[in-house]
């Protein structure tokens, strides 16, 4: 999963990036148009448990790749910066960082501004493409779909509000429209407000916009990220914070993108694989290798809870809990799968 962080200068965006990744990216870069890249492993007690059982040579957790994009200065900067837009098209979701440090801050206004900025960027892409389509023949269907998108954007509505058929999705896939990407709002608050609930006014606005949101203190969370694992919970407890922002963000992101994990196990490696809910077995096999998808025969599947209950694949098989599934089987969260294939 790839997540992009965007926000205005001074919002604490890079501090949040450091908190989520444990890195030490330079803060306060001002006008520098540089992106930071970082990766965080997705904590999963199921992977821990499976690794303890199999004692593999390698244990691999799912990962989230973060891109901390340069601070937004104005509505026109995002629209005009082609290189930056190209990077943003590559992410799966956007996290909008909103400074909420004192009474002078207007995070909800800032949120609406960033959403408009994304809409304006899409308008620029769309208008350019529609201009070229006038000179092309045989692209009438694409023109119809883009005209519907244009009407929505001109009404200052995001493309997330529209639904598309499978054929229309294929037409739109290459554009990477920002206002189609799933969005989560991150309200960055002062240390004394860390661990508090989102105010009712924020909840109401997020519900209206149909967006999830998190309340966090980037400064506190960056300090937490620098601590040893054993010291983190004690530090959070002293501040009245039940769970670190990284873990809350990961859970919210998985829900936002409707993601689940399946596992492959063995003496060589225990690994978590991230897929979209509703993925069929053959497509899930392709996450491992295209040859496995192409030569798919069937999948040996056991639920994680059943494996833990019976203790081994052999005992799961005896109990009828290990199943052979075909290519159209819908993979479930926590499935342990061995794919049989022939190329």
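The values are calculated or read from the model by the stated rules, or taken from the named source; none is laboratory data. Since we're looking at a predicted model, the values are computed, not measured. Neighbour counts are summed over all protein chains in view; Cβ atoms, including those assigned to glycine, are modelled from backbone coordinates with ideal geometry.
Table for the structure above
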quantity: Matching helices (runs of 4 or more DSSP H) fully within the stretch 158-263 where at least 2 residues are closer than 30 Å to residue 339 by Cβ and touching a strand residue (DSSP E or B) at 6+ places or on another chain (Cβ under 7 Å); calculated: 245-257
quantity: Among the candidates 286, 320, residue that is part of a loop (DSSP other than H, G, I, E, B) and either free of Cβ contacts under 8 Å to residues at least 24 places away in the same chain or over 22 Å from residue 42 (Cβ atoms) (or both); calculated: 320
quantity: Any hit, the stretch 45-59, residues being over 24 Å from residue 309 (Cα atoms), modelled with pLDDT of 90 or more, crowded, with 18+ Cβ neighbours inside 10 Å and not assigned by TED's automatic domain parsing to the domain that holds residue 312; calculated: no
quantity: In the stretch 8-21, the residues that are outside any helix (DSSP H, G or I) and surrounded by 17 or more Cβ atoms within 10 Å (Cβ to Cβ); calculated: 8, 11, 12
quantity: Residue 297 being surrounded by fewer than 17 Cβ atoms within 10 Å (Cβ to Cβ) and over 30 Å from residue 19 (Cβ atoms); calculated: yes
